[in-house]
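The values are calculated or read from the model by the stated rules, or taken from the named source; none is laboratory data. Since the structure is predicted, the reported quantities are computational estimates derived from the model, not experimental observations. Because the Cβ atoms are built from the backbone with ideal geometry, glycine has one as well, and the counts that use them run over all protein chains shown.
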Amino acid sequence: MITMKPIQLFPGVYKIGGALATRSLTPGFKVHGERLLEAGNAEYREWNPYQSKLAAGIACGLHALPIKEGSRVLYLGAAQGATASFVSDIVGEKGVVYCVEIAPRAVTDLIRVCEKRENMIPILADARKPSEYASEIEDGEVDVVFEDVADPQQAELLKSNARFLKKGAAAMLAVKARSVSSVEEPRKVFEKVKRELEEVFELVQEIDISSFEKDHEMLVLRKK
């Protein structure tokens, strides 16, 4: 355990000795082999931007994090739950993270994480078909949709899940250029994705995260 003083970057997100971190909702429990950091009587978990696109977005200059304490978050492409567990730390006991993942093997690991975190709900489903899991979303509404899915139709996938957002609510999209097109230049892919989103979303911030994830960028959006 390393003891250092935390500096708050956003509510629920800190910098400790040069590392990004969140205050652990489940002290003593590691999700992905992360370092545990101690400050005062609290335990924090190191959040590696090389292993999390959301952390990469923060490290690369995110202006404002729409995910806050008490937020209800729909996480599309939760995989084994590593990044979703940091979102779980941020939203805290009053928030909830609906974790949608299509791969059964990944969901098996995700369930193990969710068993330790009551604010994480695992959902085995195809994020391209929100009607399949709409009944799992309490009141059919969330505060933020976060998407990290390797799919050629990333923009359409996010738009189809906008049904869970009120006007003015936030979305974040980790754009994977090579999943959209293996031949087009990443910059052209990013521009194409932004155009496809214009019908439903207003662009708030565009962040180049290629220093951590090659051919990726993070979009912060607001529903029109």
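Looking across the range 132-161, the residues that are small (Gly, Ala, Ser), in contact with a helix residue (DSSP H, G or I) (Cβ under 9 Å, 6 or more places away or on another chain) and in a helix (DSSP H, G or I) come down to 134, 140, 155, 160. Out of the residues in the range 7-38 meeting the condition of being surrounded by fewer than 18 Cβ atoms within 10 Å (Cβ to Cβ) and part of a strand (DSSP E or B), tell me which one is farthest from the chain's Cα centre (by Cα). In this case the residue turns out to be 38.
Across the range 187-218, what is the total count of residues that are of a type outside the set (Asp, Glu), within 21 Å of residue 55 (Cα to Cα), touching a helix residue (DSSP H, G or I) at 6+ places or on another chain (Cβ under 7 Å) and touching a residue at least 24 places away in the same chain (Cβ under 8 Å)? Lay out the reasoning, then the answer.
Step one: of the range 187-218, the residues of a type outside the set (Asp, Glu) are 187-190, 192-195, 197, 200-201, 203-205, 207, 209-212, 214, 216, 218.
Adding the requirement that they be within 21 Å of residue 55 (Cα to Cα) leaves 190, 203-205, 207, 209-212, 214, 216, 218.
Next, only the ones that are touching a helix residue (DSSP H, G or I) at 6+ places or on another chain (Cβ under 7 Å) stay: 190, 203, 207, 209, 212, 216, 218.
When the remaining residues are screened for being touching a residue at least 24 places away in the same chain (Cβ under 8 Å), the result is 190, 207, 209, 212, 216, 218.
Adding up the residues that qualify gives 6.
The condition of being under 12 Å from the mean Cα position of the chain (by Cα), assigned to a loop (DSSP other than H, G, I, E, B) and in the same structural domain as residue 172 (by TED's automatic domain parsing) holds for only one of 84, 79, 64, that being 79. Among residues that are at positive phi, buried (at least 21 other Cβ atoms within 10 Å of the Cβ), touching a Cys at 6+ places or on another chain (Cβ under 7 Å) and of a type outside the set (Asp, Glu), residue 77 is not included. Filtered by the rule that a residue be farther than 19 Å from residue 61 by Cα, surrounded by 14 or more Cβ atoms within 10 Å (Cβ to Cβ) and either polar (S, T, N, Q) or out of contact with any strand residue (DSSP E or B) (no Cβ under 9 Å at 6 or more places or on another chain) (or both), the range 185-215 gives 192, 196.
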